[in-house]
Every structure is written in C-alpha cells, then in structure tokens.
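Undergrad: One structure is given below, represented as structure tokens, and several questions about it will come after.
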Amino acid sequence: MPAAPTVTAACVIVAAGESTRMGGVALNGVRKPLLQLDGRTLLEHTCAAFDAAPSVRALVIVTHRDDLAAVEQLARGRAAFAKLARVVPGGAQRTDSVRAGVQALGEEFDVLLVHDAARPLIEPATIERAVEVAAREGGALVAVPISDTLKSSRDGQRAEATLDRSLVWAAQTPQAFRAPLLRELLERAARENFAPTDDAALYERYVGAIALVRGERSNLKVTLPEDLAVAQALLRSRAQTRAEHAAQRGTP
C-alpha cells in the first residue's frame, strides 16, 4: 500500500514585543528573545526545538523592528536556525505580527504553527502532536490543566468566588491550524479589528471549540526576570535526565 501523505508544517515565531514586564530593554540592554539562557539566547533555544521537529519545514521569526539586524546576525551559521526562511518586523498588536509572519510564508504547507519566542523549553514531541491534531481537527491548542485553586476578584483586593478549576486550562504555545484556515481567520480579524492575546481566540470566535493538546508544565513563558532562573534550572535538569538515559542505554 502507498505510504500515508506526510503533513508539512511551518512556524511563525513571535518575538516582537517590548518586553515591558521584563523591564523592556533595561535588562542586560536587550529585549527578552535575545536574553541569554545557558549560553544561548531564548530565541535560539526556541528555534532549536522546531529544528528538531520533523514535520516543521520552515520558520519565520517576527521580531521587534529595532532587533532585525541583531536577529539576522544571530541566525547566521547556527544550526538552530537551519529552517529559517525569513526574519520580518512585527506590528502594533500580536495579531498584526502573526499576520506578517504568515504572509511571509508560502502556501505549500498543510499546517501553520504560532509560537512565542519566550517559551524556549517547548518539546519537539509536543510540537509534533500539535501538528497532527491540527491537521485532523483544523486547530490545536497546547495547554495544561490548572492545579491551583483559582479565585475571582474584580478589584484586586478581595477574592469573591472560587472557580471550578476542572474546567480551566492554561494556554501555551504552539497553537496550530490548517494553513488556509489560519489565513482566513487572520483576514476576518483584520476586517473586524479583533486583536486577541492568543491565536486560539481567533478559532474560538469564528469556528468554535478548539482541540486541546496536553502540554508540559516545563513549557513556561519567560515573562519576569525570575522566570529566567526557573528556566535555567529546568534546562539543566532536562540535560541531566537525558544524559542519565543515554548512559543507561549504553550499559551492557
């Protein structure tokens, strides 16, 4: 029997924010995607994960206009950026940046992913699951169930109610979509001036409920300065675990 067709994917990596919660360019003089984590930038760690995902054939980095030259220089000759197709400037809103990245890609891909550069610990296996589910269902949202007890507060001073955490998931990235569908959703959002904080909200608004893909809690978003220390610890723990597994496989 003929082999099943291979799903091809491309990813838009969003790195265009001002890094205001990180202190803007005040922290080490650079914006968040170019901060160092264990000897490599967050952006390089992120691209390396997608380089290791077989279904992903191309990457577009959407960066802050002031970082275009720095990102292009960073990408030269580094293995993590082997799939990089283009580096383009971002827009005023996240959706504008995603739209710019999607427009920079060709139409030969089955699935398009959107991923935050500030999530450098994404696992290639999770990327592959998101691609598979999006190809089948139309869209896929990587997320993790909430384990904390959640409270609602309208004034930030008093808790008013406890939410049912069994119904709540924390959204992560990547978020994946059939390529023609994502292009259509972005066009509709532009006509309506709809600018949500994540791309799954486009699907929820115009299509309906989006399929969940179970992510990992280690896929944290580096938002505050202290998150760098957490990411560093997770990265080193992951490296130690892999080294131990490799040593066990080499034992007679």
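The values are calculated or read from the model by the stated rules, or taken from the named source; none is laboratory data. These numbers were taken from a predicted model, which means no experiment stands behind them. Virtual Cβ from ideal backbone geometry, glycine too; neighbours counted across all protein chains shown. Just the protein is used for accessible areas: all its heavy atoms, side chains included, with ligands, DNA and RNA removed. Shrake-Rupley method; radii C 1.70, N 1.55, O 1.52, S 1.80 Å.
Undergrad: For segment 211-252, name all the residues that are small (Gly, Ala, Ser) and modelled with pLDDT of 85 or more. Give the steps one after another, and end with the answer.
TA: Taking segment 211-252 first, the residues small (Gly, Ala, Ser) are 211, 215, 218, 229, 231, 233, 237, 239, 243, 246-247, 250.
Residues satisfying the conditions are Ala211, Gly215, Ser218, Ala229, Ala231, Ala233, Ser237.
Undergrad: For segment 48-61, does any single residue satisfy the condition of being charged (D, E, K, R) and more than 27 Å from Arg136 (Cβ to Cβ)? Step through it out loud before you land on a result.
TA: Residues of segment 48-61 that are charged (D, E, K, R), as a first pass: 51, 57.
After this cut, where a residue has to be more than 27 Å from Arg136 (Cβ to Cβ) as well, the list is none.
No, segment 48-61 has no match at all.
Undergrad: If Val60 satisfies every condition in (1) assigned to a helix (DSSP H, G or I); (2) within 22 Å of Val222 (Cα to Cα); (3) aliphatic (A, V, I, L, M) but one, which is the exception?
TA: With respect to (1) assigned to a helix (DSSP H, G or I); (2) within 22 Å of Val222 (Cα to Cα); (3) aliphatic (A, V, I, L, M), Val60 is out only on (1).
Undergrad: Is it the case, given these coordinates, that Arg94 is in contact with a strand residue (DSSP E or B) (Cβ under 8 Å, 6 or more places away or on another chain), buried (at least 17 other Cβ atoms within 10 Å of the Cβ) and of a type outside the set (A, V, I, L, M, F, W, C)?
TA: Working: in contact with a strand residue (DSSP E or B) (Cβ under 8 Å, 6 or more places away or on another chain): yes; buried (at least 17 other Cβ atoms within 10 Å of the Cβ): yes; of a type outside the set (A, V, I, L, M, F, W, C): yes.
So Arg94 fits the description; yes.
Yes/no per residue for (1) farther than 20 Å from Arg119 by Cα; (2) at pLDDT below 95; (3) touching a Ser or Thr at 6+ places or on another chain (Cβ under 9 Å); (4) among the basic types (Lys, Arg):
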residue: Leu42; (1), (2), (3), (4): no, no, no, no
residue: Phe50; (1), (2), (3), (4): no, no, no, no
residue: Phe81; (1), (2), (3), (4): no, no, no, no
residue: Ala92; (1), (2), (3), (4): yes, yes, no, no
residue: Ala104; (1), (2), (3), (4): yes, no, no, no
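Undergrad: On to the next question. Restricting to segment 31-73, what's the tally of residues that are open to solvent by 20 Å² or more (accessible area, probe 1.4 Å), among the hydrophobic types (A, V, I, L, M, F, W, C) and in contact (Cβ under 8 Å) with a residue 12 or more places away in the chain? Walk me through it before giving the result.
TA: Of the residues in segment 31-73, the ones open to solvent by 20 Å² or more (accessible area, probe 1.4 Å) are 31-32, 34, 36, 38-40, 48, 51-52, 54, 57, 64-66, 68-70, 72-73.
Narrowing further to those that are among the hydrophobic types (A, V, I, L, M, F, W, C): 34, 48, 52, 68-70.
If we keep only those that are in contact (Cβ under 8 Å) with a residue 12 or more places away in the chain as well, we get 34, 48, 52, 68, 70.
Residues meeting the conditions: 5.
Undergrad: Would you confirm whether or not segment 148-155 contains a residue that is modelled with pLDDT under 95 and touching a helix residue (DSSP H, G or I) at 6+ places or on another chain (Cβ under 6 Å)?
TA: Within segment 148-155 (the criterion being modelled with pLDDT under 95 and touching a helix residue (DSSP H, G or I) at 6+ places or on another chain (Cβ under 6 Å)), the answer is yes, since at least one residue qualifies.
Undergrad: Keeping to segment 156-186, report how many residues are hydrophobic (A, V, I, L, M, F, W, C), in contact with a helix residue (DSSP H, G or I) (Cβ under 9 Å, 6 or more places away or on another chain) and more than 17 Å from Ala209 (Cβ to Cβ). Spell out the reasoning first.
TA: Filtering segment 156-186 for residues hydrophobic (A, V, I, L, M, F, W, C) gives 159, 161, 163, 167-171, 176-177, 179, 181-182, 185-186.
Add one more test, that the residue is in contact with a helix residue (DSSP H, G or I) (Cβ under 9 Å, 6 or more places away or on another chain), and what stays is 171, 176-177, 179, 181-182, 185-186.
Restricting the remaining residues to those that are more than 17 Å from Ala209 (Cβ to Cβ) gives 179, 186.
Counting residues in segment 156-186 that are hydrophobic (A, V, I, L, M, F, W, C), in contact with a helix residue (DSSP H, G or I) (Cβ under 9 Å, 6 or more places away or on another chain) and more than 17 Å from Ala209 (Cβ to Cβ) gives 2.
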